[in-house]
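*Asks:* Quick one: this structure, given as structure tokens, is what I'll be asking you about.
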Amino acid sequence: MQYRHKNIASNFLINLVHILSLALVTLPLLLFTHCSSRDQKKTIGKTPGDLELAESCKLRDSYDSAIAYYHHFSDQCYKTKSWDNWGKGINGMIDCYRSKGDLSSAINLLNKSDSLARNSISVRSELFASLIHKKAILFSEKGEYERSNEYFLQTISLRDNLKLSRDTTLALSYNGLGTNFLYLGKYDEAYDYYEKAINNYEKLGLTKTADYAMFNLNAGIIHAIRGDYPKAQLHFDLSLSINKAILDKNDPKLALVYLNLGRFFSMTGNDEKALELLTQSEDIFKLKDRKSSKLASLYLNIGSIYVNKANYEKALSYYNKALALMQANTNGNPSDLLTVLLNLGFIYEKKGDFAAANKYYQEGLQKGDKFPNSVKVLRGLANINTILGKKTEATAYYDLSVKQSIELCGPNHPETGLTYLKYGEFCSINNEKQRAIDFLHKGIDIYKLAYGEKSRDLGYAYLQLANYFSRIHEYSKALPEYQKALIATFQNFNDVNILKNPKPDMGDLSYYQLNILTEKAFAFYSLYQHDPSKKEFLQASADTYTEAITFMELLRSTYQEEDSKLMIAGSEKNTVLNAIRTQVDLYRNAQQNDAFEKAFMYAEKGKSSVLMSYLRDMEAKDLGKIPDKLQKLDNQLKTEISFYNKLIFDETSRKDANQSKINLWNNTVFELSRKHDSLISVIEKSYPAYYNLKYDNSVITLKSLKERIAPNQAILEYTLADTTLYLFLIVKNDAKLFVTPVDTGFLTNIATLREMLTGKSFNNYSPEDFHSFTDASYSLYKVLLEPVQSLIQNKELIIIPDAELGYLSFDILLTHKPGPKAKGYRGLPYLIKEAPISYAPSATALFEGFKNPIAPKNHKVLAFAPSYENVRNVKIKELLRGKTSYPDYLMPIPGAQIEVKNLKKIFSSKVFDGSDATESNFKKYAGNYSILHLAMHTIINNNNPLYSKLVFYRNGDTLEDGLLNTSELFSMQLNADLAVLSACNTGTGKLERGEGIMSLARGFFYAGVPSIIMTSWAVEDNSGVDLMTSFYKYLAEGKAKNEALRLAKLDYLENSDQLKSHPHFWAAYMNIGDISPIQNLKSPTPVYLIFIFSIAGFLVLAGGFLYFWKKEHRFGK
């Protein structure tokens, strides 16, 4: 009888740094060498059905049923003293316990069997040697490698004495010893035993077997650890070629080989190769069984690769798919289910949703606290409590995780090493210096033994030690550790000089690499701050930040999901701010003039980068000559994904959510997303021009801006750090930098103005309110504009805000302090009285992102003003079933009807009002008009801005629900020059750090509209009518959009009373994007021309009738 020690690839590839681990499939590598069916008939004995049923259940992952059948079979065989078959039953049960992750039960069973065997059979028999071999395997899995080695050597000695002619299990014992020595960090000994296993099979002529392929795979791993990749590749190729030769191309066993190799390449940093192999594995599994637990585990592994890239949304989709498969398979491995739950917890922890993270961690812990993966759950719970400031609870969880790691995995297991590293980080944060350094060194020592000098894991360990030194301000000690982390993480980088950095490789990108670089750059800057005469440290910091931002952009470019792009933009905002700071210091303190240009470049890169990547993608599809067929398929897939995501969001918002529907739609989104990913991959490979344009992360230069800006314009680009405001002023042929310190009062003034404009009953404002407004407004003007006042005289202002400045209407800033006798709002010295003001997400977006749209089919206005009479008694919560920022009911908007009626008098317009203003009509006609005017309610979702909505007339349409989500705009192609969102709050929303305000207006940029008029708060109905009517009147006269809006506001102020001159009534409207006049707009046909044409038409018809009448009568005569 022969037993297989499990493939080292399945056990070696255990940990991703931090909480996650690669989810390991329990591979069928611990089986007997199957007898032929004829031999089985001879040996099965009295109960052949039990063994067959047991094997069948095990193949279906029904382990509990298999154990029952094996147990009954072995009991019968014991009674009949059929020892070989008794051994089969025992080993079958042990395999099932291992597959369940229940090593304790497996070891208990083996100890009992050992005792029975000693009393019943010879201790020098092959069966007894096989039991000892099995015991060695179990202790190896438990992490007790030295004890395991004792058993392996014992079974080898027994087999040597037996002198069997073709003893294949001997090679498997050598393989087991190689595995143990690998974990002990003794790579020479490990390779020697793997080589013995290989030689043994070569002497036996078994070079075309799965075991021989496994031995070569393991030998390849040793070469890879040593850094000898050519030799590693030879072994890997041989292993794969053998399996391909002996297995059918669609054999699930070959899928497992691909899966193991994929794990290995992932752990060694070659994610692209890993994904290629895992995809091949997936293709086979899908052919055989789309509900296989192996397929679920494969998705866990793919998800973990995306976690490594910090692409959390993509990872989440794979984890959810894995969870759905496991939940559908009631006989699945609870250890695997625990793994997916802890990974989901980790994702939500990274997203900042600690309640959801805790839910998944606790649910995972309930699946079994004796599985090795439960250690990761304990660390996750410890980390959440650390973030929430619950030190006592965090300490308790860390203490328990150390205990569990040692007990379940072993004292020298990588899992225990990671526990020490995380506990060391926790102690470092809490200033427990000695405990921190002890734990960190323990973790590093274990990782060195397990992974060698080149691995992401060891790089992470060095990073934690370096961060410890940074926290205690010993930056000179930190920098060498950061360098060690870089050397360990980058396969082809070995420079110990701390001034040197590795270059990025698209095939080897991870978030951990970026993290090391940013921390290293910060350490250099901290040394410079300590001694400003050391300019070399400042330069080193700047150089390292440059590399870090390059990494960040490359990493972000691999994402398809907006949420993942937004997450990395937000998490790395500090990196951008620090890069700006270093360049500004180089410019001001080291007299490096090019540093001014670089500082501006980073300011641009830190704004709306996700929006810009989408605009670049649209441009790339046009200029890259992507066939219409592929573009239509791309758009179709995005539309379908958006549709099903909307269904999922709406259903999830219900109190009585139908989980079956959600699971079905999640599966549909998963499959559609895979198709879309494949399509994009094909397009990128087939159309290089598209690829180059799409991944162009360059931003507009100061030189280009100074040349392209009009003489009467000034760009004011702001970047807001914690205590510093950077202002880049660009005018024709000149640019200047202004650096102003700010304190908490600055943000307080912004909040004060916002509260006064959005949350006040304006019919009872007080003198105190007036003074609060003027004080805050003028204080902000002094910081934001007074430093450049003399340079912007008589110029149009283009404001590029940052962070909270995005909520501020610059219209209302006061250019000087009002006198003590000032009482009313109308006469205040507003900035809007001095100059037209417009806004842009970034200078790059304004000058290079907002391209002229495809020529529309006409030059008219399309307007919508829905009625809400049919839903006025329906609560918003009943309508949407979700959390919204809106009153209870949708009230009628009488001014909307007047607004579109006035619009028809100014431009040739197609108006849908009342019950005709439906979502389906908007989608049908919106792509054909120059101006889109939407006068309607909005429902803002700050928790999930993609599901903020424009509310059309709800007519019971079965396809369109009358609620147009922001996400739906992403897949639309609008050819308009201007979208006027004359609705409440279309320009407000959640502030995404590093990107800006996630408003409804943003969706129209994604749909291709280059200019938008939006509102920053809820507008009053009648004032909105007056403003919009005046705006369109000036637009019809050929005014630029910013000037037309300015004149409309000034007209309103001039004609308003004291109450309605408050900025709440007129300052909400903002022009963002392109400001140029709109050309060739058609005016409505004048009434007198309609009259003349009508008379002419009547005369023509009458004349024709008279002619035919005379002709008929003439023939009659």
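*Asks:* State to the nearest 20 debye the size of the charge dipole of region 903-1018 about its Cα centre, where the only charges are +1 on K and R beta carbons and -1 on D and E beta carbons.
*Replies:* 220
*Asks:* Here's another thing I want to ask about it. Could you put Val682, Val375 in order, starting from the residue whose Cβ has the fewest other Cβ atoms within 10 Å?
*Replies:* The fewest-first ordering by Cβ neighbours comes to Val682, Val375.
*Asks:* Going by Cα centres, region 999-1015 and region 615-688 are how many Å apart?
*Replies:* 21
*Asks:* Which of Phe73, Phe746 has the fewest other C-beta atoms within 10 Å, and how do the rest follow up to the most?
*Replies:* Least crowded to most crowded, the residues run Phe746, Phe73.
*Asks:* Sticking with this structure for a sec: How would you classify region 856-1073 from its alpha-carbon gyration tensor, with a ≥ b ≥ c the square roots of the eigenvalues: rounded for a/c under 1.5, else prolate if a/b is greater than b/c, otherwise oblate?
*Replies:* rounded
*Asks:* Under the rule of -39500 (n - 2.57) per DSSP H run of 4 or more residues, summed and divided by the residues of the chain, what mean residue ellipticity at 222 nm is obtained, to the nearest 500 deg cm²/dmol?
*Replies:* -19500 deg cm²/dmol
*Asks:* Also: Quick one: length gained pulling Ser686 to Asn589 fully straight, 0.36 nm per residue minus the C-alpha distance?
*Replies:* Separation in residues times 0.36 nm, less the Cα-Cα distance, equals 30.1 nm.
*Asks:* Pop out the Kirkwood hydrodynamic radius of region 713-843 from its pairwise C-alpha distances, inverse of mean 1/r, in Å to one decimal.
*Replies:* Every distinct Cα pair counted, the radius reaches 15.4 Å.
*Asks:* Can you give the Rg to Rh ratio for the chain, taking only C-alpha atoms and Rh from Kirkwood?
*Replies:* 1.06
*Asks:* First measure r as the distance between the Cβ atoms of Lys706 and Asp916, then evaluate 1/(1 + (r/R0)^6) with R0 = 60 Å and state the FRET efficiency to the nearest 0.05.
*Replies:* It comes out at approximately 0.75.
*Asks:* At 0.36 nm per residue, minus the direct Cα-Cα distance, what do Thr723 and Ser526 gain on full extension? Give it in nm, one decimal, please.
*Replies:* Using 0.36 nm per residue and subtracting the Cα-Cα distance, I get 69.3 nm.
*Asks:* Which Cα, out of Ser1056, Leu554, Phe265, lies furthest along the positive dipole direction of the chain (beta carbon charges, K/R +1, D/E -1)?
*Replies:* So the residue furthest toward the plus end is Phe265.
*Asks:* Given a Förster radius of 41 Å and the C-beta distance between Leu388 and Asn733 as r, what FRET efficiency does 1/(1 + (r/R0)^6) yield to the nearest 0.05?
*Replies:* With a Förster radius of 41 Å, E is 0.15.
*Asks:* Which value, in debye to the nearest 20, gives the size of the charge dipole of the chain about its Cα centre, when Lys and Arg are +1 and Asp and Glu are -1 at the Cβ?
*Replies:* 1940
*Asks:* Which residues among region 722-743 fall inside the zone where the amide N is under 19 Å from a point 7 Å beyond the Cα of Lys535, along Cα→Cβ?
*Replies:* Flagged as within label range: none.
*Asks:* Given points 7 Å out from each Cα along the Cα-Cβ axis, report the Glu52 to Ala245 separation in nanometres with one decimal.
*Replies:* It works out to 3.4 nm between the two label points.
*Asks:* Follow-up question, since we're still on this one. Of the DSSP beta bridges with both residues in the chain, give the percent that are antiparallel, rounding to the nearest 5.
*Replies:* 55
*Asks:* Let me ask something else about it. Provide Tyr318, Tyr1052 in ascending order of the number of other Cβ atoms located within 10 Å of each residue's Cβ, fewest first.
*Replies:* The order, fewest Cβ neighbours first, is Tyr1052, Tyr318.
*Asks:* If you don't mind, another one. Run the numbers for Arg147 and Lys231: contour at 0.36 nm per residue of separation, minus the present Cα-Cα distance, in nm.
*Replies:* 27.1 nm
*Asks:* Once label points are set 7 Å from the Cα along Cα→Cβ at both Ser1076 and Asp1057, what is their separation, rounded to one decimal in nm?
*Replies:* That separation, rounded to one decimal, is 4.4 nm.
*Asks:* Still on this structure, please answer the following. Just tell me which aspartates and glutamates come within less than 15 Å, Cα to Cα, of Lys321; anything on the same chain fewer than 8 places away is out.
*Replies:* Counting by Cα, and skipping residues close in sequence, Lys321 has these aspartates and glutamates nearby: Glu282, Asp289, Glu313, Asp336, Glu671.
*Asks:* Bin by bin, in steps of 10 Å, what percent of the Cα pairs in region 381-500 do you find, going until the bin that has the longest distance?
*Replies:* All Cα pairs considered, the percentages come to 15, 42, 33, 10, 1.
*Asks:* While we're on this one: Report the paramagnetic label zone for Lys351: residues of region 550-573 whose backbone N is under 17 Å from a point 7 Å from Cα along the Cα-to-Cβ axis.
*Replies:* Answer for region 550-573: 560-571.
*Asks:* For the pairs Lys629/Lys923; Lys706/Lys924; Lys391/Lys534; Lys403/Lys433; Lys88/Lys203, flag any whose C-alpha to C-alpha distance is greater than 31 Å.
*Replies:* Violating the 31 Å Cα-Cα cut-off are Lys706/Lys924; Lys391/Lys534.
*Asks:* Still on this structure, please answer the following. What ratio of Cα Rg to 2.2 N^0.38 Å holds for region 477-606?
*Replies:* 1.04
*Asks:* Same structure again: Taking the Cα of Arg993, stepping 7 Å toward and past its beta carbon, and measuring to each backbone N in region 590-604: which are under 20 Å?
*Replies:* The answer is 602-604, whose backbone nitrogens lie closer than 20 Å to the label point.
*Asks:* Go ahead and run the numbers for FRET between Ser678 and Phe847, Cβ-Cβ distance against an R0 of 30 Å, rounding to 0.05.
*Replies:* FRET efficiency, Ser678 to Phe847: 0.30.
*Asks:* Each label point is 7 Å from the Cα along the Cα-to-Cβ direction; what then is the distance between the points at Asp656 and Leu623, in nm?
*Replies:* My value for the distance between the label points is 5.5 nm.
*Asks:* Count the lysine pairs in region 713-843 whose Cα atoms lie under 17 Å apart, taking only pairs 8 or more positions apart in sequence or on different chains.
*Replies:* Eligible lysine pairs with Cα atoms under 17 Å apart amount to 6.
*Asks:* Right, another one. Over 25 Å between C-alpha atoms is what I'm after, so list which of Lys350/Lys422; Lys390/Lys655; Lys286/Lys314; Lys186/Lys231; Lys142/Lys163; Lys359/Lys390 land there.
*Replies:* With Cα atoms farther than 25 Å apart: Lys390/Lys655; Lys142/Lys163.
Every number in this text was worked out from the coordinates using simple rules, so none of it is lab data. Remember, predicted model here, so these are calculated numbers, not experimental data. FYI the Cβ positions are ideal-geometry reconstructions off the backbone, even for glycines, and counts take in every protein chain you see.
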